[in-house]
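Working notes, beginning with the structure itself.
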Amino acid sequence: MLNKQGFDLWANDYDRTVQLSEENNEYPFAGYKEILKGIFNEAMQKEGSAILDIGFGTGVLSAKLYEHGHSVDGIDFSEEMIAIAQEKMPEARLLQWDITNGLPEAIADSSYDSIISTYALHHLTDAEKTVFIENLLARLKPDGKIYIGDIAFRTREDLAKCRLDSIAYWDEDEFYFAYDEFEKSVAGLCRSEFHPVSHCGGVIILSKLS
Ligand SMILES: C[S@@+](CC[C@H](N)C(=O)[O-])C[C@H]1O[C@@H](n2cnc3c(N)ncnc32)[C@H](O)[C@@H]1O
């Protein structure tokens, strides 16, 4: 798994390597564009909304929303990623923060229409994901939604199959979503749905229990 320095080094080349994997329909980024497009379309439903992007990277998704008049806050631990994204979104509040420590105090009084996170939450263990999502739900407006686009599978068996098919590239240090297990872990916290997009990626949508 990459640490902060690893992402700093990857920042300038990030968009190109993602595109290659996406175009070849390969793990890990098969379905990337469709996943981001789906989340973009959902977040666009409300005009001028407040958005929080967790692990925004080069800002591929949040910069598009920013260009369409949404207000963007973001969290990422890589200063190189932040520098690239900030150039695209000069007025966005982009915070350098490691999400393994939860959420930063700076957003404790903020609430969001959409909390988006693409290809970042697999850096948390499954137990950490549940705690983190509980923290995110507290920052969500009553009718807001959390959109997670990531390497994700319907079941642990599907995940194991993809691992075998991609064994040469598989990152053993990352924690991909097995939705059958994830759904149970957040059932007492929120409503959830899963939309598979490719053989290794999909979108999870979370909303508050009413
Ligand atoms: C694979 S990139 C995804 C970037 C972007 N969201 C996208 O879809 O292209 C993962 C991003 O999460 C950030 N990240 C990874 N682990 C993190 C952590 N523990 N705390 C904060 N940011 C983290 C990295 O710096 C990187 O920008």
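The values are calculated or read from the model by the stated rules, or taken from the named source; none is laboratory data. Not measured: the values here are computed from a predicted model. Positions of Cβ are generated from backbone atoms using ideal geometry, with glycine treated the same way; all protein chains shown enter the neighbour counts.
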* Of everything in segment 53-76 that's over 17 Å from the mean Cα position of the chain (by Cα) and not acidic (D, E), which residue is nearest to the ligand (Cβ to nearest atom)? -> H70
* To do: Confirm whether G6 is modelled with pLDDT under 95, within 13 Å of the ligand (Cβ to nearest atom) and small (G, A, S).
  => yes
* Residue selected from segment 38-52 under the condition under 24 Å from D98 (Cβ atoms) and surrounded by 20 or more Cβ atoms within 10 Å (Cβ to Cβ), by the criterion nearest to the ligand (Cβ to nearest atom) -> I39
* Asked: Being touching a strand residue (DSSP E or B) at 6+ places or on another chain (Cβ under 9 Å), within 13 Å of the ligand (Cβ to nearest atom) and among the β-branched types (V, I, T), is that true of even one residue in segment 77-96?
  -> yes
* Structure fact -> By residue number, the members of segment 105-128 that are within 22 Å of F175 (Cβ to Cβ) and either part of a loop (DSSP other than H, G, I, E, B) or of a type in the set (A, V, I, L, M, F, W, C) (or both) are I115, I116, Y119, A120, L121, L124, T125, A127
* Residues located in segment 97-144, provided they are more than 16 Å from S207 (Cβ to Cβ) and of a type in the set (A, V, I, L, M) -> I99, L103, A106, I107, A108, A120, L121, L124, A127, V131
* Name the residues in segment 9-22 that are more than 10 Å from the ligand (Cβ to nearest atom), hydrophobic (A, V, I, L, M, F, W, C) and touching a helix residue (DSSP H, G or I) at 6+ places or on another chain (Cβ under 8 Å), would you? -> L9
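Matching residues to (1) of a type in the set (V, I, T); (2) in contact with a Lys or Arg (Cβ under 8 Å, 6 or more places away or on another chain):
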residue	(1), (2)
R139	no, no
L164	no, no
D171	no, no
V186	yes, no
C190	no, yes
E193	no, no
V203	yes, no
S207	no, yes
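Condition check ((1) among the hydrophobic types (A, V, I, L, M, F, W, C); (2) buried (at least 18 other Cβ atoms within 10 Å of the Cβ); (3) touching an Asp or Glu at 6+ places or on another chain (Cβ under 9 Å)) across all residues:
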site	(1), (2), (3)
Q96	no, no, yes
I99	yes, yes, yes
D109	no, no, no
Y112	no, yes, yes
S117	no, yes, yes
L140	yes, yes, yes
I146	yes, yes, no
I151	yes, yes, yes
L159	yes, yes, no
* Structure fact -> The number of residues in segment 136-152 that are under 15 Å from the mean Cα position of the chain (by Cα) and more than 11 Å from the ligand (Cβ to nearest atom) is 6
* Could you tell me whether segment 146-168 includes any residue that is outside any loop (DSSP other than H, G, I, E, B), in contact with a Cys (Cβ under 9 Å, 6 or more places away or on another chain) and among the β-branched types (V, I, T)? => yes
* Would you mind listing the helices (runs of 4 or more DSSP H) fully within segment 19-94 where at least 3 residues are farther than 29 Å from H199 by Cβ and of a type outside the set (S, T, N, Q)? => 79-88
